[in-house]
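The values are calculated or read from the model by the stated rules, or taken from the named source; none is laboratory data. No experiment lies behind these values; they were computed from the predicted model shown. In this analysis, Cβ positions are derived from the backbone assuming ideal geometry, glycine residues included, and neighbour counts consider all displayed protein chains. The accessibility values were calculated without ligands, DNA or RNA, using every heavy atom of the protein model including side chains. Shrake-Rupley method; radii C 1.70, N 1.55, O 1.52, S 1.80 Å.
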Amino acid sequence: MTTGHEFGVVAAGHRLTAQAASDILRDGGHAADAAIAALAMACVCEPVLASPGGGGFAMLRDAGSGKTELIDFFPHTPLRRQTANDQGVYEIIADFGTATQAFHIGPATTATPGFFAGVEAIGEHGSSLDLGTLFAPAIKAAREGVQVTPYQHYLSTVVQPILTATDRSRELFAPSGDLVGVGEIFRNPGLADAFEVMAEDGFAASAIGRTIASAQNDRGHLTSDDLASYRAITREPLAVRIAGNTVHLNPLPAASGVLIALGMNRLADTGGATLADALAQTDIARRQADGDLSRLIDRPLRQRGTTHISVIDAQGNACAVTVSNGEGNGELAGPFGFMPNNILGEEDVNPFGAAGWPENTRLASMMCPAIIETCDGGLVALGSGGSNRIRSAMLQVIARLAANHADLADAVDAPRIHIENGHIDFEDRFDNETRKALVAAFPDYRAWPEPNMFFGGVHAAARDQHGRMTGAGDRRRDGVAMVVS
């Protein structure tokens, strides 16, 4: 955790991602500018988690108007299902060390990417700099190369069959035959070219869009019409009051905000309810509720490969943005150094199957960038990766901040629990009394001896009523926080 009070604060999942945003803030850019620069850099140094071929959500607060809005730029299902798609899906096995899991990749698993539309929408909501300037740090890093961290290398080993699925992807991610190792330099000049093209010509109508559409011929569903028709959607956040604070959450059709709000309401209604009880009741609601939530949970809810960025500038503008590429579809977008998403091929994300998804539909998500306006005039921007554990991680951190007035770093680092179908996972760092209570209430349990990325990675930035900045990057996912002074 760091403190200061000048240009702003950033929290993200990689040092270079945070540094790109910090440099923009130091040079006078706004929170939106810094978030865009960080998103581009994340594609360079966090390539398993972020890609121009994916999408996400951004929560933005405008200091001048005091208005907070949610930008939905998550992948959208194609306008129509093409007939020749059965050859465009194939299965790989990902190795998590303690378990393996099947994923489906290939051209027919790709939904319409929203990343660039999201960048444009974020820019329209407060950027003061042009895309060429904002993409410049990522372009430089992609050409010169970045040093692979242990965490990023681990992620790449999990999805190695995807990163090496084709000759072109192997040439990028494993040029010597093995994945680029810890401490080695990973270069991606094709991605640098992609950002230069996007800054100049956009995405859909550029050479990038034509390349993606061409690669889909006969094996996928996307066409140039899908890319041209995609629009980021601005939504009114789901606003929840807790202990005098206003928490802005991702609204429908996303599942996350509704489930987090349910958990927070449980805490507010009972006063003495524990976080475990609130999470347990939320889990029951997720499985059994009717009405809007029932319709919601029949839709895709999860994204595994996620990363998050939080930025607040000196004026009090804020941006919390979470992005995902699924795991990538295994095929690079021509010479441009990134994979389109495989959202349609993941059963967790798309329960309808690679050939059964609804046409022309914005997919739902468990991602939940959030902004808290505190009762004393402060501000917190936060969010998390972590698949279906996002709702648990965010509820626990928000509750500790808003209801318990915890220190930011303590709220992020505190031991976490997750409850799914009556089973509880918890980090075994609670005091003995709490641990006994958890085990007694949930006989079906698993205790994790150390903090683990399974429980998400909440990266948070805060500004108090006096303008002082703090930040906390979650160590579970290699988080970094920087106060810019």
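Taken over segment 94-115, the criterion of being within 17 Å of residue 46 (Cβ to Cβ) and either among the acidic types (Asp, Glu) or not in a loop (DSSP other than H, G, I, E, B) (or both) is satisfied by 115 alone. For segment 118-145, what are the residues that are in contact with a strand residue (DSSP E or B) (Cβ under 6 Å, 6 or more places away or on another chain) and surrounded by fewer than 23 Cβ atoms within 10 Å (Cβ to Cβ)? The answer is 121, 125, 145. When residue 218 is tested against the conditions (1) open to solvent by 60 Å² or more (accessible area, probe 1.4 Å); (2) modelled with pLDDT of 95 or more, the lone failure is (2). Going by the conditions given, is residue 115 touching a helix residue (DSSP H, G or I) at 6+ places or on another chain (Cβ under 8 Å), closer than 16 Å to residue 326 by Cβ and hydrophobic (A, V, I, L, M, F, W, C)? Judged against the criteria, residue 115 is a match. Remark: pairs (first residue in segment 443-470, closer than 13 Å to residue 8 by Cα; second residue of a type in the set (S, T, N, Q) and surrounded by fewer than 17 Cβ atoms within 10 Å (Cβ to Cβ); Cβ separation under 6 Å; 6+ apart in sequence or on different chains) = 470/3. Within segment 191-215, the set of residues being open to solvent by less than 10 Å² (accessible area, probe 1.4 Å) and either touching a Cys at 6+ places or on another chain (Cβ under 6 Å) or touching a residue at least 40 places away in the same chain (Cβ under 8 Å) (or both) comprises 191, 192, 194, 195, 198, 208, 212.
Residue 153 meets all of the listed conditions (1) open to solvent by 20 Å² or more (accessible area, probe 1.4 Å); (2) in a helix (DSSP H, G or I); (3) more than 26 Å from residue 90 (Cα to Cα) but one, namely (3). Here residue 187 passes the criteria (1) basic (Lys, Arg); (2) modelled with pLDDT under 95; (3) farther than 18 Å from residue 110 by Cβ except the one numbered (2).
Within segment 38-83, the residues that satisfy the criterion of being farther than 14 Å from residue 310 by Cβ, outside any loop (DSSP other than H, G, I, E, B) and touching a helix residue (DSSP H, G or I) at 6+ places or on another chain (Cβ under 7 Å) are 40, 41, 43, 44, 45, 55, 71, 73. Residues satisfying the criterion are present in segment 293-313 (criterion: touching an Asp or Glu at 6+ places or on another chain (Cβ under 7 Å), open to solvent by less than 30 Å² (accessible area, probe 1.4 Å), at pLDDT 85 or above and not in a helix (DSSP H, G or I)). The residues on offer are 239, 228, 232, and the sole one that is among the small types (Gly, Ala, Ser) and out of contact with any strand residue (DSSP E or B) (no Cβ under 6 Å at 6 or more places or on another chain) is 228. Filter segment 344-378 for residues that are open to solvent by 10 Å² or more (accessible area, probe 1.4 Å) and of a type in the set (A, V, I, L, M, F, W, C); which is modelled with the lowest pLDDT? Ranking the candidates gives 354 first.
Of the residues making up segment 243-261, those that are part of a helix (DSSP H, G or I) and surrounded by 23 or more Cβ atoms within 10 Å (Cβ to Cβ) are 256, 257, 258, 259, 260. Out of the residues in segment 423-447 meeting the condition of being in contact with a Lys or Arg (Cβ under 8 Å, 6 or more places away or on another chain) and charged (D, E, K, R), tell me which one is most open to solvent (accessible area, probe 1.4 Å). Across segment 423-447, the extreme among qualifying residues is 428. Return the residues of segment 227-242 that are open to solvent by 50 Å² or more (accessible area, probe 1.4 Å) and at pLDDT below 95; say none if nothing qualifies. The answer is 241, and nothing else.
Just need a number here: residues in segment 392-422 that are at pLDDT below 95 and either open to solvent by 30 Å² or more (accessible area, probe 1.4 Å) or of a type in the set (D, E, K, R) (or both). So the answer is 7.
Residue selection: residue 136 fails the criterion of being small (Gly, Ala, Ser) and either more than 26 Å from residue 13 (Cβ to Cβ) or in a loop (DSSP other than H, G, I, E, B) (or both). Among the residues of segment 1-26, write down those that are of a type in the set (Asp, Glu) and either at pLDDT below 95 or closer than 17 Å to residue 52 by Cα (or both). Correct list: 6 only.
Of the residues making up segment 442-453, those that are in contact with a strand residue (DSSP E or B) (Cβ under 8 Å, 6 or more places away or on another chain) and over 18 Å from residue 477 (Cα atoms) number 5. Condition (residue is buried (at least 24 other Cβ atoms within 10 Å of the Cβ), more than 30 Å from residue 173 (Cα to Cα) and in contact with a His (Cβ under 9 Å, 6 or more places away or on another chain)) applied to segment 33-52: is it met by at least one residue? Taking every residue of segment 33-52 in turn, none turns out to be buried (at least 24 other Cβ atoms within 10 Å of the Cβ), more than 30 Å from residue 173 (Cα to Cα) and in contact with a His (Cβ under 9 Å, 6 or more places away or on another chain).
Of all residues in segment 448-479, those satisfying the criterion of being among the hydrophobic types (A, V, I, L, M, F, W, C), crowded, with 22+ Cβ neighbours inside 10 Å and assigned to a strand (DSSP E or B) are 458, 460, 461, 462, 469, 472. Checking each residue in segment 76-134 for being of a type in the set (Gly, Ala, Ser), touching a Ser or Thr at 6+ places or on another chain (Cβ under 9 Å) and either at pLDDT 90 or above or within 15 Å of residue 218 (Cβ to Cβ) (or both) picks out 88, 111, 121.
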